[in-house]
Structures are given as C-alpha cells and as structure tokens.
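Enquirer: Before we start, here is the structure in question, set down as structure tokens.
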Amino acid sequence: MCPHTNGDSAPTDPSQMVPVDISNGTSHQASTQTNGHAATNGSAKQRTNPYAPRASDFLSNISNFSIIESTLREGEQFANAFFDTKTKIAIAKALDAFGVEYIELTSPAASEQSRKDCEAICKLGLKAKILTHIRCHMDDARIAVETGVDGVDVVIGTSSFLREFSHGKDMAYITKTAIEVIEYVKSKGIEVRFSSEDSFRSDLVDLLSIYQTVDKIGVNRVGIADTVGCANPRQVYDLVRTLRGVVKCDIEIHLHNDTGMAIANAYTALEAGATHIDTSVLGIGERVGITPLGGLVACLYAANPEYVKSKYNLPMLREIENLVAEAVEVNIPFMNPITGYCAFTHKAGIHAKAILNNPSTYEILKPEDFGLTRYVSIGHRLTGWNAVKSRVEQLGLKLTDDEIKDVTAKIKELADVRTQSMDDVDTLLRVYHSGIQSGELAIGQKEALDRLLRKHREGQDATTSRDNSISRPASPTQA
Ligand SMILES: CC(=O)SCCNC(=O)CCNC(=O)[C@H](O)C(C)(C)COP(=O)(O)OP(=O)(O)OC[C@H]1O[C@@H](n2cnc3c(N)ncnc32)[C@H](O)[C@@H]1OP(=O)(O)O
Ligand SMILES: O=C(O)CCC(=O)C(=O)O
Ligand SMILES: [Zn+2]
C-alpha cells in the first residue's frame, strides 16, 4: 500500500489498539436517535437538542441536495495534480459508484488531451451526469457541446478585481455574452449553469441583476463562487437566501477553503436554500482547494444519517480518498473527518469507559456505516480500569475489579516511561492473571509482579534464542 494512503482509520501501529466489538449490545444501534444525535436508552433522560437542524425550516436543503464533484476539474487545478486518462477514468468510475449526482470535468478548451478525456468519460455511460466547465465565451461553448457532456458550467468573474485584472469586461458585455452562451448551450438540449466568479467581492446589485436575467432565459442553475475563500457562514447565508428570493432555478455553490470555512459554508448554503454543492476529493483544488467530499458527507451525515446513507455508498469513501491521494501524491490528513487515521480511536480513560458502554457518548459518526472499525487505545498513562477490563474480558481472563484496578496501575507505571504496545499490555495481563491463579501474586504486591514479569521475559528470551538457532532460515541472498 502507498505510504501516503490509509488502510483503516486506526493508528499505524494497530498492536496498540483494541478493536471494539460493537455486536455486544453496546452499539449505536442500542441507542435512540434524536435529530441525528444518539441519546442513551438507560437512566439518562432524553431531551431534544435545541441546536439540531430544524426540519420546519422550509428553505433548508440539508436533506435534499446534489453533489457536483469537481475533483476532475477544480481538483486538476491543485498544484500537485496530473491525471492521465486512465486515472481520470478510475476516479470518475469510483465517484459514480459512490453515488455523486454530477461529475465536473476540466474545460475541453484547455488542451487536446483534456478534450479527448472529456469525450472518453462521456462515453463511459455512468449514472452521474457529466459536466464540463468553461469560460463565458462562444469558442469554449462550441467545443464543450461537441464532447457529449450532459451539461456545461459557464463562469465569468464579476468582481471589480476580475473585471479589471482578469478579463477586462464590464457588466453589460458579461450579460450580453452570458445570454448568447446560455442560449447556444440550451439549443443543444443539454443543461447549462451560469456562475459569477468571485461572487462575495462582487456588487450585490450587479449579481442579482445578472442572475435574474439568466434565470429568465431558462438557465438550469446559477452558481455562487467564493473564489478566494473569504466568505463566512453568515455572509453565505445572506447571499444564498437573498438569491433564493430572486431566481426560480437551482442554486449551486462553490467554496474555497483559504480560511478553513468551506465545509461550514457549504452546510450554511444548504440551510439557506442552495441545491447543489461543489466538492473535490480531499478538497484538492487551487491553493488549499474547496469543500472536501468526505468532510461534507461527514457534516451532512451528522445532520441526517439516513438520508446520506440512502444516497451514497459510504464505505467507498476511504477507497476514493486513497485513489486520489495516491494520484496526487499526498497523505490523507491525520485529522481528516471519517478517514483520518485516528478518526475512530478513543484514548482517555473517561472516553473509553463511556464509549464501551455506548459509542454515541463520544461519536457522532458510526464507523461501521463507513466500513470502518472503532478502536480503544489502552497502553498509555491516560488509560483507566474500565478500558483494561474490556481487554481482560476479550482475552478471556478472570480477574476481579480490584485486581483489574491493580494491574491498571502497573500499566500506567510502565506507560509513564514509554507507551506500551498491545502485545506488552496483553503480556502483562496474562502474567498478572497467571500469578493470581497460581497464588504467587496478590493485589498490591508490586515486587512479586515485577519478579513474575522478569521471569516471563527471561523465559521468552531463552525460547526466542533457541528458536532462532534452530529455525532461522538462510536469507535468499545468502543461499
Ligand atoms: C476560478 C477558476 O478556477 S475558473 C476555471 C479555471 N480554469 C482554467 O483556467 C482552465 C485551464 N485554462 C487554460 O487551459 C487556459 O487558461 C485557457 C485555454 C482557458 C485560456 O488560455 P489562453 O488563451 O492562453 O489565455 P490565458 O490563460 O493566458 O488567459 C485567460 C484568457 O481568458 C479570458 N478570461 C478569463 N476568464 C474568463 C471568463 N470567465 N470568461 C471569458 N474569458 C475569460 C482572459 O481575459 C484571457 O483572455 P486573453 O487571451 O484575451 O488575455
Ligand atoms: O464555476 C464556478 O462556479 C466556480 C469557478 C471556480 O473554480 C472558482 O470561482 O473558484
Ligand atoms: Zn474554484
């Protein structure tokens, strides 16, 4: 496996982790769901979460949205990205199998190979609709409609920065060209979207006026773009909501992550009435990229798990992220939602105890819904006797609670020097258990325990060196 990618969301040394068996009646399923947040069934009284998404909000599309997956367009703008045809096809097929509604491809005007790749992906017969992304220009539009795409995403900058320093056109020219391009694409019987680049630094009157114009001529969607990642959730809510009152067509949003707001802004856009969200796998794109597919899915799953599970093949997420990470030669970030390597590993004793009783205490996402495993880490000084007890039971050892507390103290003493591997902990538990069984050990007899551990280690060293002398095979190079 590529060193950059993830095998599971567990730390690289699984020997330090206890996989938690959720089939023992302590799973999320044993709890009840309240607005996507699980509440315990036991003595704890259930209350409605006042901060949960309000189903009564008639504008909200939290449970009614489409993803426009732009790894093969915005993602190709990531500094490290080069996708050959085979890789593009593999990514497109994986995204389709995951269930995204749209796949957006680089402009066929960018290069001859980009055009051929666009045609090749259109011919795959995927369920997802294939879009390409072009400048607001008739030359690009003519090339795009010939590729076989299901729709064309048209964009042009409307902020004074871009009008002055990018294309140099005024709003009258932009509006006239937009109408020409939209009508042309529509005449070919395919979808068309019009987007203003750098929307959050554009004049609101200019924006609403051009969106209203293109809505009237029958554009399928209008797009808002936070091209420089400057927007905050409140600004996103205000702009989307205002636009919702002005156009009848769908509303797409494209959010850059320069200030870390891309997921929160996407969520807010849906609450305000946006219908389509742009994503890329791992968020790759220009600079630090855009709303990541995995992070958005995590956020929307937390709001409505059943809806998200019904739309997308969630266990595929890890595979898709690994595919793209490998293609662009980056690591999966350790703090990535869902697939970050510690995303479902619990460490502190207080957390571990509660998780073992009911995973919903410290998890908003169920690892099993993403084909992943929950782990409890116990070989460290923050561990507690409840976590150790769970391991004792997994190993089939019989110890009283007081004995488990006693051996937990030993784990902490050892872990004050260095973190103990799972093998270290298991050995200690077994030695402790056999000492208790044989009567060589009683609670609190630290020296006796140290003696037993030393004896065990010496016995092991002897076995290992005997084994080595008998069975160590000659290495291939020596043969
Ligand atoms: C915010 C975004 O991510 S938008 C999408 C970005 N995507 C891309 O840029 C796709 C890859 N780009 C390319 O391959 C090339 O830039 C091409 C083929 C599109 C254009 O290449 P060139 O003709 O060599 O122009 P260059 O890239 O230097 O400059 C962009 C040109 O497009 C014009 N332009 C920029 N944005 C737009 C727009 N939205 N609509 C119409 N024209 C535009 C500029 O004025 C400039 O025109 P000029 O040739 O008269 O100076
Ligand atoms: O077409 C769009 O809506 C967005 C274009 C883009 O990538 C951006 O503005 O950052
Ligand atoms: Zn972008």
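Enquirer: Which whole-number percent of Cα pairs in region 231-320 have a distance greater than 22 Å? Working shown, then result.
Expert: Numbers: 1114 of 4005 pairs.
When every Cα pair of region 231-320 is considered, 28 percent fall beyond 22 Å.
Enquirer: Given the rule -39500 (n - 2.57) for each run of at least 4 DSSP H residues, summed and divided by the residues of the chain, what is its mean residue ellipticity at 222 nm, to the nearest 500 deg cm²/dmol? Please list the in-between numbers first.
Expert: Numbers: 16 runs with 199 residues, N = 479.
Helices in the chain give a 222 nm mean residue ellipticity of -13000 deg cm²/dmol.
Enquirer: While we're here: I need the GluC sites (Glu not before Pro) found in region 282-339, filtered to DSSP loop residues with at most 12 other beta carbons within 10 Å of theirs. Don't jump to the answer; show the numbers that get you there.
Expert: Values: sites: 286, 306, 319, 321, 326, 329; in loops: 286, 329.
Those that pass, being in a loop and sparsely packed, are 329.
Enquirer: Shifting gears a bit: Between their Cα atoms, which of 309/366; 129/311; 366/398; 123/248 are more than 21 Å away from each other? Mind showing how you got there, number by number?
Expert: Working: 309/366 11 Å; 129/311 15 Å; 366/398 31 Å; 123/248 32 Å.
Correct reply: 366/398; 123/248.
Enquirer: Starting at the first residue of region 176-190, write each ³J(HN,Hα) from the Karplus equation 6.51 cos²θ - 1.76 cosθ + 1.60 with θ = phi - 60°, in whole Hz, x for Gly and Pro.
Expert: Those phi angles translate into 4, 5, 4, 4, 4, 5, 4, 5, 5, 5, 4, 5, 8, x, 10 Hz.
Enquirer: Can you compute the FRET efficiency between residue 93 and residue 146 using 1/(1 + (r/R0)^6), with r the Cβ-Cβ distance and R0 = 35 Å? Round to the nearest 0.05.
Expert: On the way: r = 23 Å, r/R0 = 0.66.
Between residue 93 and residue 146 the formula returns 0.90.
Enquirer: Right, another one. Output the Kirkwood hydrodynamic radius of region 312-441, Cα pairs only, in Å rounded to one decimal. Walk me through the numbers before you get to the answer.
Expert: Working: mean 1/r = 0.0606 Å⁻¹.
Final number for the Kirkwood radius of region 312-441 is 16.5 Å.
Enquirer: Moving on to the next point. Please express the shape of region 66-303 as an equivalent ellipsoid: the semi-axes are the square roots of 5 times the eigenvalues of the C-alpha gyration tensor, given largest first in whole angstrom. Could you put the intermediate results ahead of the total?
Expert: Details: eigenvalues 117, 97, 53 Å².
Here the semi-axes work out to 24, 22, 16 Å.
Enquirer: Return the inverse of the average 1/r over all pairs of distinct C-alpha atoms in region 231-381, which is the Kirkwood hydrodynamic radius, in Å to one decimal. Intermediate values should be presented prior to the final figure.
Expert: Details: mean 1/r = 0.0591 Å⁻¹.
For region 231-381, the Kirkwood estimate is 16.9 Å.
Enquirer: Suppose the chain between residue 462 and residue 119 were pulled fully straight at 0.36 nm per residue; how much longer would it get relative to their current alpha carbon spacing?
Expert: The span from residue 462 to residue 119 would gain 116.8 nm if fully extended.
Enquirer: So the label point goes 7 Å from the Cα of residue 161 along Cα→C-beta, right? Which residues of region 112-142 then have their backbone N under 15 Å from it?
Expert: none
Enquirer: Also, I was wondering about something else. Past the 17 angstrom mark, what percentage of all C-alpha to C-alpha distances in region 378-463 do you count?
Expert: Values: 1552 of 3655 pairs.
Looking at region 378-463, the distances longer than 17 Å represent 42 percent of pairs.
Enquirer: Label 7 Å along Cα→Cβ of residue 180; region 130-147 residues with amide nitrogen under 19 Å?
Expert: 134-146
Enquirer: Sticking with this one: If you take every DSSP beta bridge whose two residues both sit in the chain, what share of them, in percent to the nearest 5, is antiparallel?
Expert: Numbers: 7 of 44 bridges.
Of those bridges, close to 15 percent are antiparallel.
Enquirer: Could I ask something else about it? Sort out for me the Cα centre separation of region 85-125 from region 309-323, rounded to whole Å.
Expert: First find each Cα centre; the distance between them is then 18 Å.
Enquirer: Using the beta-carbon distance between residue 209 and residue 418 and R0 = 56 Å, what value does 1/(1 + (r/R0)^6) give for FRET efficiency, to the nearest 0.05? Write down the numbers at each step before the final one.
Expert: Working: r = 66 Å, r/R0 = 1.18.
With R0 = 56 Å, the Cβ-Cβ based efficiency is 0.25.
Enquirer: Related question: Relative to the longest principal axis of the chain, what angle (0 to 90°, nearest 10) does the C-alpha long axis of helix 293-303 take?
Expert: 80
Enquirer: Pop out the Kirkwood hydrodynamic radius of region 145-275 from its pairwise C-alpha distances, inverse of mean 1/r, in Å to one decimal. Before the final figure, lay out the partial values.
Expert: On the way: mean 1/r = 0.0675 Å⁻¹.
The Cα-based Kirkwood calculation yields 14.8 Å.
Enquirer: Another question, then. Using a Debye calculation, one point per C-alpha and no hydration shell, please list log10 I(q)/I(0) for region 96-145 at q = 0.15, 0.17, 0.18 Å⁻¹ in order.
Expert: -0.39, -0.50, -0.55
Enquirer: Tell me, what are the semi-axes, in whole angstrom and largest first, of the equivalent ellipsoid of the chain as set by the roots of 5 times the Cα gyration tensor eigenvalues? Show your work: numbers first, answer last.
Expert: Details: eigenvalues 603, 142, 57 Å².
With the √(5λ) rule applied to the chain, the semi-axes are 55, 27, 17 Å.
Enquirer: Amide H to amide H, which residues 5 or more places from residue 345 or on other chains are under 5 Å from it, using H placed in the peptide plane?
Expert: 375
Enquirer: In region 66-303, what % of DSSP beta bridges are antiparallel (nearest 5)? If you can, show how the numbers build up before the last one.
Expert: Values: 1 of 36 bridges.
Approximately 5 percent, going by the DSSP bridge assignments.
Enquirer: Nearest 10 degrees, 0 to 90: what angle lies between the long axis of helix 204-216 and the longest principal axis of the chain (Cα atoms)?
Expert: With both axes taken from Cα atoms, the answer is about 70 degrees.
Enquirer: For residue 381 and residue 235, compute 0.36 nm times the residue count separating them, minus their Cα-Cα distance, and round to one decimal in nm.
Expert: Details: separation 146, 0.36 × 146 = 52.56 nm, distance 4.52 nm.
This chain segment gains 48.0 nm when fully extended.
Enquirer: Label-point separation (nm) for residue 63 and residue 244, each offset 7 Å from Cα along Cα-to-Cβ?
Expert: So the label points at residue 63 and residue 244 sit 1.6 nm apart.
Enquirer: Okay, next question. Report the extension gain between residue 400 and residue 170 in nm, rounded to one decimal, defined as 0.36 nm multiplied by the number of residues separating them, less their alpha carbon distance. Can you show the working numbers first?
Expert: Numbers: separation 230, 0.36 × 230 = 82.80 nm, distance 7.97 nm.
Gain on extension, residue 400 to residue 170, equals 74.8 nm.
Every number in this text was worked out from the coordinates using simple rules, so none of it is lab data. Remember, predicted model here, so these are calculated numbers, not experimental data. Every residue, glycine among them, receives a Cβ derived from its backbone with ideal geometry; neighbour counts consider all protein chains shown.
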